[in-house]
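The values are calculated or read from the model by the stated rules, or taken from the named source; none is laboratory data. Computed from a predicted structure; not experimentally measured. Note that we place each Cβ from the backbone using ideal geometry, even for glycine, and neighbour counts take in every protein chain shown.
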Amino acid sequence: MQVYRRLFRHYGNLHWWPGENPLEISVGAILTQNTAWSNVEKAIRHLKENQVLSVRTLGRLSLGHLAQLIKSAGYFNVKAHRLKNFISFLQSRYGGSLNKMFGQDTSRLREELLSVNGTGPETADSILLYAGEKPVFVIDAYTKRIFSRHGVMAYGNSYDDFQQLFMKRIPPDIPLYNQYHAMLVFTGKDFCRTRPRCDSCPLNGWRNVPPLKCP
């Protein structure tokens, strides 16, 4: 929580994640893998302009057509498959209803999402937290880098290790998880880069310990 307070003083409320509804947020979580959010925004805009951003229409759309519409997100053929896998799961398991899906027990739903080909822990947890408003803390490369550089946990530790580091130490509060993850993303982009800008970072001086190795 010391980190949270330091970052909040610097960033304030970031109102993250961008998206108008749970489907758009879920689609964004899948498309944002290995690319900048600006590229995802372009892809989502194309889906909207072509009036295909609905569960039913995405389910009917051919892989080739979908891939072309999301081309700006990069790895578009792979991501088209992953998006179709998610839509197929949603339709077969929950009749295409996101409301029904998010009515499922959180731990059970997380297991189900992880069983969908192409949906890893970060994507599944982003869908749960931001689209489903479930108290699940999202871990990404920025989070691992920041906390390994401050000597808290080695970068090579597992996703679950880092997730438990947060979920055991801060209350299960959805707005807090949302804001905290957002601030870590911005800190990673603004300061904790491959070549870090430590002098101007709001976390400078938080822990005077030897940094652990990280990319």
Legend entry - Residue within segment 45-53 that is free of Cβ contacts under 8 Å to residues at least 60 places away in the same chain, in a loop (DSSP other than H, G, I, E, B) and under 22 Å from VAL138 (Cα atoms) present: no
Inset, instruction - Would you confirm whether any residue within segment 47-54 is of a type in the set (Asp, Glu), crowded, with 16+ Cβ neighbours inside 10 Å and either under 18 Å from the mean Cα position of the chain (by Cα) or modelled with pLDDT of 95 or more (or both)? - result: no
Inset, instruction - Kindly indicate which of LYS189, LYS168, LYS213 is over 24 Å from LEU114 (Cα atoms) and over 15 Å from the mean Cα position of the chain (by Cα). - result: LYS213
Inset, instruction - Might you check whether a residue that is over 19 Å from ASP140 (Cα atoms), part of a helix (DSSP H, G or I) and within 19 Å of the chain's Cα centre (by Cα) occurs anywhere in segment 24-31? - result: yes
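Each row is one residue, and each column tells you yes or no for (1) of a type in the set (A, V, I, L, M); (2) at pLDDT below 95; (3) crowded, with 16+ Cβ neighbours inside 10 Å.
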site: MET1; (1), (2), (3): yes, yes, no
site: ARG5; (1), (2), (3): no, no, no
site: GLY12; (1), (2), (3): no, no, no
site: PRO18; (1), (2), (3): no, yes, no
site: PRO22; (1), (2), (3): no, no, yes
site: ILE25; (1), (2), (3): yes, no, yes
site: GLY28; (1), (2), (3): no, no, yes
site: LEU31; (1), (2), (3): yes, no, yes
site: GLU41; (1), (2), (3): no, yes, yes
Inset, instruction - Please state which one of GLN33, GLN68, GLN104 is closer than 20 Å to PHE186 by Cβ and not assigned by TED's automatic domain parsing to the domain that holds ASN178. - result: GLN33
Inset, instruction - Identify, by number, the condition in (1) surrounded by fewer than 18 Cβ atoms within 10 Å (Cβ to Cβ); (2) modelled with pLDDT of 95 or more; (3) touching a helix residue (DSSP H, G or I) at 6+ places or on another chain (Cβ under 9 Å) that ASN204 doesn't meet. - result: (2)
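For (1) among the small types (Gly, Ala, Ser); (2) out of contact with any Pro (no Cβ under 8 Å at 6 or more places or on another chain); (3) free of Cβ contacts under 8 Å to residues at least 12 places away in the same chain, each residue gets a yes or a no:
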residue	(1), (2), (3)
LEU176	no, yes, no
HIS181	no, yes, no
PHE186	no, yes, no
PHE191	no, no, no
ASP199	no, yes, yes
LEU203	no, yes, no
VAL209	no, yes, no
Legend entry - Long-range neighbours under 6 Å by Cβ, at least six apart or interchain, first residue within 18 Å of ILE25 (Cβ to Cβ) within segment 102-123, second aromatic (Phe, Trp, Tyr): VAL116/PHE86; VAL116/PHE89; PRO121/TYR159
Inset, instruction - Could you give me the residue pairs with C-beta distances under 7 Å whose first residue belongs to segment 131-144 and is closer than 24 Å to THR194 by Cβ, whose second residue is among the charged types (D, E, K, R) and crowded, with 20+ Cβ neighbours inside 10 Å wherever it lies, and which are 6+ apart or on separate chains? - result: VAL138/ASP125
